[in-house]
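What follows is a single structure, written as structure tokens, with notes after it.
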Amino acid sequence: MAARKAKHAAGAAEPAGAVLPVWLGREAIVERVRAHDTVVLVGETGSGKTTQIPQFLMQAGLASPRHTIIVTQPRRVAATSLARRVAAELGCADPATISPRSPQAAGSGEPPELVGYSVRFDERSNRNTVIRFATDGMLIREVIGRVGATSETDEPHVGLLKRCSVLILDEAHERSLRTDMLLGLAKKIQRERRRRAEAGEGYTPLKVVVMSATIDAEAFARFFGAEERGVAPTAGPRVPILYVAGRQHTVRLFHTEESCQDWTDAAVRTVLQLHVAKPRGDILVFATGQEEIEAMAQSLQTYAAQLDAWARAERRAPVAQLQVRPLYAALGPAAQAAVFAPTPPDARKVVLATNIAETSITIPGIRYVVDSGLAKEKVYAPHTGIEALHVQPIAQASAAQRAGRAGREAAGECYRLYTRDAYEALRKAPVPEIHRTDLAGAALQLYAMGLDPFTFEWLDPPDTTLLREAVLHLAELDAVEMYRRTSSGLRVRLTPLGAKMAVLPMAPAYARMLLAAAERGPSVARQARDLVSVLSADRGLFLEPHDPDKREAADRAREAFLDPSGDHATCLRALYAYLTVRAAGAGAKHELRMWCQAHFVHERTIRNVLAIRKQLMRICATHGIPCDDEASRHEPAAASEADDADPDALTVVRGGGTFRAPTDTQSYTELISCLATGRLSHTALRQPDGTYRRIAGGQAFKLHPSCTLHPSRSAARGAASLLPPAIVFEELVLTSQTFARTVSRIEPAWLQEAVAGNKGSAA
């Protein structure tokens, strides 16, 4: 039945896909994948490799519901949008409507569920799935098999992806940390499955396809062709490299004559000039982050409202409507879908996007690109132990990718808000994330699989200093322990606590906090789970207006949720207030939106928080972490009830009771104590001059003015403006000075207790 469905679907997709350049190499690609365990494919932008190659392999019989194709993507937006596009081409069910728990019965007459996706906090695949798009992080969690390697004699416990026949590692050039981990794991899995297949243990060899538009093909071929470390060298398997030309139309490049002092203002002006002067075609603007996008969107909408009057005054033809569409990671499904929707004939769409729009996704109708030349990157400083987002110039490879967005469907133009000399000064390729990020999470996952991050087969090994700092951080959390010194150094093994932390889909610090909270009872566990939901969102819960009058109003509104312990509890009180309003029956969408506006709460952020919270409720239940709100489950409604009406909607199902809002007198003292246990490296003591100094690293900083505990806010409330003696914080912001954001008060005595608790928790 599945084969018949696939054949029917393939026939429907062929006319649309046949115009793409990759179709010219269809037979050669399939033949190489059949003949070799690993294939490296370099497909230029617009070639159609990401959407078509999985279909080629499925149609060639290399996949079925029992032997699937998995396509990895570095970002959630790419994974979900690509899955929906491939499903549409195949005539399959929309992946967003697939239920993981209730697969569609054969012969139902509905479109087949052949395509699905797996992203963080959203699983849309089942036993009917043949092609599955997954983020790198989700697949790594799938690969983590039985956790608990606690001695040097334990064998690695790496899941072998037995149901996967072909693993496609897409956009490998981005070199995210998780992509680098997957490359090493794929090679190990491939080797082990080949061994078991030859031994007749019921395994089939794993096919690996590494794809990108700008890949160092030879480096990847050498990596997969090399023998395992410690094994006598041989010729190794030959890894073929295939090149596919792209469907790239001509893109004219324009640079500024002088450097821009304010790129956001320059971008807004450029968009408006294009809108009133250029022929039809949508505009894509590459911005640095969500805050900048929202500020630009507001400016564009303000100016766009005045264009009709301007056209009449200038005696010009009416100007088309300007549709502003943001695109960043925290957007809900409905807002993301609006980006890809066709533009009405009497309108022009302008998409304001972060660098998630650089690769993997095609936005129909884009003819003009405005490139800021900037992007936010995580940069980790091992001497301070702090990971912060920095706005930095992009690489030339990224600039080429951005320009290529304008030439996917027709000739286009790219307006770079930087000079030609500035472009020539850019580095050729981005710095791999493995050299600029905290490795604690990666190290924990590798130890959970019985693998040593120091000897792991990395494509490009990280600096040993970064690895040592990661291991020390894990030891601080009691996730690992050093148990014996050998000639090569201390041996490290996973502790029972570390095994529990490794299976939780969150940063090690948050996993440690949640497990510490679970020891204090269901109420504290619920608080910790909900706090992780808030902290895992892509931006803060509260709006921070730039206008001084609105900023004052926002401060007054936040007073309703203020908790004397600091920002963490204040965010929780806002979340619980929203849930109370929703559960009380006043949950109409417009009423909730008005509530968010009145309290200066970011509506999209709180929806994102609730989506994360739903998943964490299930995760806590799976791993035996009881919370005290089990009678009030927040489950997604059926697709017919929620998804069709409002893809962003989160419906409260009160089948087991109503949501029990915390009382105003609820204490968050134990929660903050647990937070300090997980965030020891982010604790600090007050100094005589009013600054704070980190206990780990000794870095000095001040409280950010937005913090609840900032003296100016305390004075405005008429409260004592004394700074707390000790704090725990989430991040440091590096501007002309160093500031801490999202700060809570802790007692100095807790720090000693946290250290003692971590050392003794594994016993």
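The values are calculated or read from the model by the stated rules, or taken from the named source; none is laboratory data. This one's a predicted model, so the numbers in the text were calculated from it and none came from an experiment. With ideal geometry, Cβ positions are generated from the backbone for all residues, glycine too; neighbour counts draw on all protein chains shown.
Against the conditions (1) outside any loop (DSSP other than H, G, I, E, B); (2) out of contact with any helix residue (DSSP H, G or I) (no Cβ under 9 Å at 6 or more places or on another chain), Thr264 satisfies every one except (2). Out of all the residues in region 144-171, which are modelled with pLDDT of 90 or more and buried (at least 18 other Cβ atoms within 10 Å of the Cβ)? Leu161, Cys164, Ser165, Val166, Leu167, Ile168, Leu169, Asp170 - these are the residues of region 144-171 that are modelled with pLDDT of 90 or more and buried (at least 18 other Cβ atoms within 10 Å of the Cβ). Any chance region 58-67 includes a residue that's in contact with a Phe, Trp or Tyr (Cβ under 9 Å, 6 or more places away or on another chain) and touching a residue at least 24 places away in the same chain (Cβ under 8 Å)? Checked region 58-67: at least one residue is in contact with a Phe, Trp or Tyr (Cβ under 9 Å, 6 or more places away or on another chain) and touching a residue at least 24 places away in the same chain (Cβ under 8 Å).
Taking the criterion of being in contact with a helix residue (DSSP H, G or I) (Cβ under 6 Å, 6 or more places away or on another chain) and either under 16 Å from Arg127 (Cα atoms) or modelled with pLDDT under 95 (or both), the residues of region 65-81 that qualify are Pro65, Ile69, Gln73, Pro74, Arg75, Val77. With the structure loaded, tell me whether Pro100 is in contact with an Asp or Glu (Cβ under 9 Å, 6 or more places away or on another chain), of a type outside the set (A, V, I, L, M) and without any contact (Cβ under 8 Å) to a residue 40 or more places away in the chain or whether it fails that test. Against the criterion (in contact with an Asp or Glu (Cβ under 9 Å, 6 or more places away or on another chain), of a type outside the set (A, V, I, L, M) and without any contact (Cβ under 8 Å) to a residue 40 or more places away in the chain), Pro100 qualifies. If I filter region 409-418 for residues that are aliphatic (A, V, I, L, M), part of a helix (DSSP H, G or I) and either under 22 Å from Gly137 (Cβ atoms) or at pLDDT below 95 (or both), do I get at least one hit? Looking through region 409-418, none of the residues is aliphatic (A, V, I, L, M), part of a helix (DSSP H, G or I) and either under 22 Å from Gly137 (Cβ atoms) or at pLDDT below 95 (or both).
Scanning region 318-337 for residues that are of a type outside the set (Val, Ile, Thr), crowded, with 16+ Cβ neighbours inside 10 Å and modelled with pLDDT of 85 or more yields Ala320, Leu322, Gln323, Arg325, Pro326, Leu327, Tyr328. Among the conditions (1) among the hydroxyl-bearing types (Ser, Thr, Tyr); (2) touching a Phe, Trp or Tyr at 6+ places or on another chain (Cβ under 9 Å); (3) modelled with pLDDT of 95 or more, the only one that Thr437 does not satisfy is (3). Being without any contact (Cβ under 8 Å) to a residue 40 or more places away in the chain and in contact with a helix residue (DSSP H, G or I) (Cβ under 7 Å, 6 or more places away or on another chain) is a condition met by at least one residue of region 326-348.
Among the residues of region 600-616, those that are among the hydrophobic types (A, V, I, L, M, F, W, C) and touching a residue at least 60 places away in the same chain (Cβ under 8 Å) comprise Val601, Ile606, Val609, Leu610, Ala611, Ile612, Leu616. Quick check: anything in region 409-416 farther than 18 Å from Ala186 by Cα, surrounded by 23 or more Cβ atoms within 10 Å (Cβ to Cβ) and among the aromatic types (Phe, Trp, Tyr)? Yes, region 409-416 contains at least one residue that is farther than 18 Å from Ala186 by Cα, surrounded by 23 or more Cβ atoms within 10 Å (Cβ to Cβ) and among the aromatic types (Phe, Trp, Tyr).
Of the set (1) buried (at least 24 other Cβ atoms within 10 Å of the Cβ); (2) at pLDDT 95 or above, all apply to Gly43 but (2). A search for C-beta distances below 7 Å between a residue of region 571-588 that is modelled with pLDDT under 90 and any residue that is in a helix (DSSP H, G or I), counting only pairs 6+ apart in sequence or on different chains, returns Val581/Leu592; Val581/Trp595; Arg582/Leu592. Among the residues of region 387-403, at least one is under 30 Å from Leu477 (Cβ atoms), assigned to a strand (DSSP E or B), touching a Ser or Thr at 6+ places or on another chain (Cβ under 9 Å) and of a type in the set (D, E, K, R).
Kindly evaluate Leu274 against the criterion of being under 16 Å from Cys414 (Cα atoms) and either outside any loop (DSSP other than H, G, I, E, B) or within 19 Å of the chain's Cα centre (by Cα) (or both).
For Leu274, the condition - under 16 Å from Cys414 (Cα atoms) and either outside any loop (DSSP other than H, G, I, E, B) or within 19 Å of the chain's Cα centre (by Cα) (or both) - is met.
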